[in-house]
1. Out of every Cα pair in the range 108-231, what percent are spaced more than 18 Å from each other?
2. Need the list of lysines near Lys212 for cross-linking: C-alpha distance under 23 angstrom, and skip anything on the same chain fewer than eight residues off.
3. Can you run the Rg to Rh ratio on the range 1-132? Use alpha carbon positions and the Kirkwood inverse-distance Rh.
4. Please give the direction-averaged projected area of the C-alpha convex hull for the chain, in square nanometres with one decimal.
5. Would you mind putting 132-145, 57-70 in packing order, based on average other-beta-carbon counts within 10 Å, highest first?
6. Over the alpha carbons of the range 74-144, what is the largest minus smallest coordinate on each principal axis, giving the biggest first in Å?
7. Counting Lys +1, Arg +1, Asp -1, Glu -1, what net charge surrounds Ala63 among other residues with beta carbon under 13 Å of its beta carbon?
8. So who's got an amide H within less than 5 Å of the one on His55, skipping anything under 5 residues away but keeping other chains? H placed 1.01 Å off N, in plane.
Amino acid sequence: MPTTVITGANRGLGLEFARQYAADGWNVHACCRNPDKAVDLAALAESSGGTVTVHGLEVTDGAAVAALAESLGGAPVDLLLNNAGVYGPKQQTMADMDYDGWLDTFATNSMAPLRLAAAFAANVAASEHKRIVTITSRMGSIEQNESGAQIAYRSSKAAVNIVMDCVANELRPEGVTCVVFHPGWVRTDMGGPSAALEIDESVTSIRAAIEKLTVADTGRFFNYDGTSLPW
Ligand SMILES: NC(=O)c1ccc[n+]([C@@H]2O[C@H](COP(=O)([O-])OP(=O)(O)OC[C@H]3O[C@@H](n4cnc5c(N)ncnc54)[C@H](OP(=O)(O)O)[C@@H]3O)[C@@H](O)[C@H]2O)c1
């Protein structure tokens with residue numbers, strides 16, 4: 001039975017990834033900041049017959065990330081799914097920037113995925129599937145950007161794209177496939193009610209695209225439907 005570690009698994013895309021992988025019989029290590037408040041995730045774990053394990057994890061806490069990896073020992077992790085993310089502060093334009101909020105956005109969206117990748121690299125390399133997937137955003141594409149707004153979010157996602165390209169290069173000799181996915185504009189708390197896609201539509205599509213990955217794909221930037229996006 002393959003194993004996945006998913007961050008931000010208490011709501012939105014992360015919860016749906018946990019649901020779908022659990023339904024497919026995977027072992028799911030579902031991470032969230034506040035397990036006490038994660039009612040939907042607790043219900044999923046309860047009904048999973050022991051295959052979904054909930055872990056408290058604030059992804060910016062390096063000691064907590066290391067402790068979680070330690071607790072899994074050398075167990076194989078077929079898929080590390082860096083999903084947790086924030087949109088950032090209200091003020092994020094050139095004229096009006098919340099610089100502290102921007103730093104926090106970087107800590108969650110850009111730096112934490114590297115912490116997770118480093119902590120679980122050996123577990124992933126020891127697995128059958130050997131995949132690290134980070135949920136980025138098309139808003140981090142420099143080529144596609146035509147806006148001067150959402151600077152904190154855009155820059156944090158552009159940053160995680162190059163971070164994960166570095167991880168891809170670093171772990172290529174281990175046979176690890178490390179890629180980033182834009183999930184589409186999805187009806188989550190972050191995406192809002194007007195978004196184009198239902199949560200399950202996005203997650204089903206990304207999972208199908210993940211399934212087709214080979215190590216030759218490492219370092220690529222994908223749309224949720226498995227097509228390439230420009231950096
Ligand atoms: N929805 C979209 O349209 C869209 C588009 C492009 C990219 N994305 C990306 O998709 C990913 C998932 O987003 P979503 O739409 O599902 O958003 P969401 O509904 O707002 O959920 C975000 C998740 O990330 C968790 N999280 C945030 N900061 C964290 C931290 N420091 N430590 C641990 N967990 C943290 C949240 O936990 P709490 O409940 O504790 O806050 C929550 O579980 C994000 O990386 C986002 O940038 C989304």
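Readers should treat all values here as calculations from the given coordinates under stated rules, not as data from a laboratory. Note that the structure is a prediction, hence the values are computed from the model and not measured. Note that each Cβ is placed from the backbone with ideal geometry, even for glycine, and that neighbours are counted across all protein chains shown.
1. Values: 4027 of 7626 pairs.
Cα-Cα pairs in the range 108-231 separated by more than 18 Å: 53 percent.
2. Excluding near neighbours in sequence, the set is Lys130.
3. Values: Rg = 15.4 Å, Rh = 15.2 Å.
Rg/Rh: 1.01.
4. Details: hull surface 47.7 nm².
Hull-based average projected area comes out at 11.9 nm².
5. Details: 132-145: 20.3, 57-70: 16.6.
Final packing ranking: 132-145, 57-70.
6. Computed over the range 74-144, the largest-to-smallest principal extents equal 49, 26, 13 Å.
7. On the way: positive: Arg115; negative: Glu58, Asp61, Glu70.
Summing Lys/Arg as +1 and Asp/Glu as -1 gives -2.
8. Hits under the 5 Å cutoff: Ala30, Cys31, Cys32.
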